[in-house]
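What follows is a short report on a single structure.
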Amino acid sequence: QVQLVESGGGLVQSGGSLRLSCSVSGSIASNSVMDWYRQAPGKQREAVASIFGRNLTSYAVSAKGRFTISRDNTKNIVYLQMNTLKPEDTAVYYCHAVRGDHWGQGTQVTVSP
């Protein structure tokens, strides 16, 4: 049984930083494709960043240059470092494992003006 548990969300001022963590447990390959998604109130869930294998990454246009996805396979954790946060980054952030389509419960990020 695969479980994804996000943490690290919170309230931060515009321009601040947060680091989200996704702890992965269960039968999942250490270099499987992992994503971060987000969903703002009244909006559809959107992909933010993906990591393929050890360190091949891709980003949404809104995240490029500000967010960094990474993984620590020794700890089975996927990170999302978010810098220069903006109010429009306010959303619930979800971790997603592509193989098996597993989702975490989400962590709230709120960026105040």
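Values as computed for the structure displayed
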quantity	calculated
Members of region 62-74 found to be open to solvent by 80 Å² or more (accessible area, probe 1.4 Å) and of a type in the set (Val, Ile, Thr), listed by number	Thr74
The listed residue being surrounded by fewer than 18 Cβ atoms within 10 Å (Cβ to Cβ), under 13 Å from Leu4 (Cα atoms) and more than 11 Å from the chain's Cα centre (by Cα), out of Gly42, Gly26, Gly53	Gly26
Selection status of Ser14, among the polar types (S, T, N, Q) and open to solvent by less than 50 Å² (accessible area, probe 1.4 Å)	no
So Lys86, is it free of Cβ contacts under 8 Å to residues at least 12 places away in the same chain and not acidic (Asp, Glu)	no
Selected residue [closer than 10 Å to Val48 by Cβ, among the hydroxyl-bearing types (Ser, Thr, Tyr), modelled with pLDDT of 95 or more and open to solvent by less than 40 Å² (accessible area, probe 1.4 Å)] from Tyr59, Tyr79, Tyr93	Tyr93
Members of region 66-82 found to be over 8 Å from the mean Cα position of the chain (by Cα) and aromatic (Phe, Trp, Tyr), listed by number	Phe67
Pairs with Cβ under 6 Å, 6+ apart, first in region 11-40 and closer than 19 Å to Leu56 by Cα, second hydrophobic (A, V, I, L, M, F, W, C) and assigned to a loop (DSSP other than H, G, I, E, B)	Ile28/Val2; Val33/Val98
Residue count for region 101-113, restricted to those that are in a loop (DSSP other than H, G, I, E, B) and surrounded by 14 or more Cβ atoms within 10 Å (Cβ to Cβ)	2
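The values are calculated or read from the model by the stated rules, or taken from the named source; none is laboratory data. Note that this is a predicted model, so its numbers are computed, not measured. Quick reminder, even Gly has a Cβ in these numbers, built from the backbone with ideal geometry, and neighbours come from all protein chains shown. Quick note on the areas: whole protein, heavy atoms, side chains included, nothing else; ligands and nucleic acids left out. Shrake-Rupley method; radii C 1.70, N 1.55, O 1.52, S 1.80 Å.
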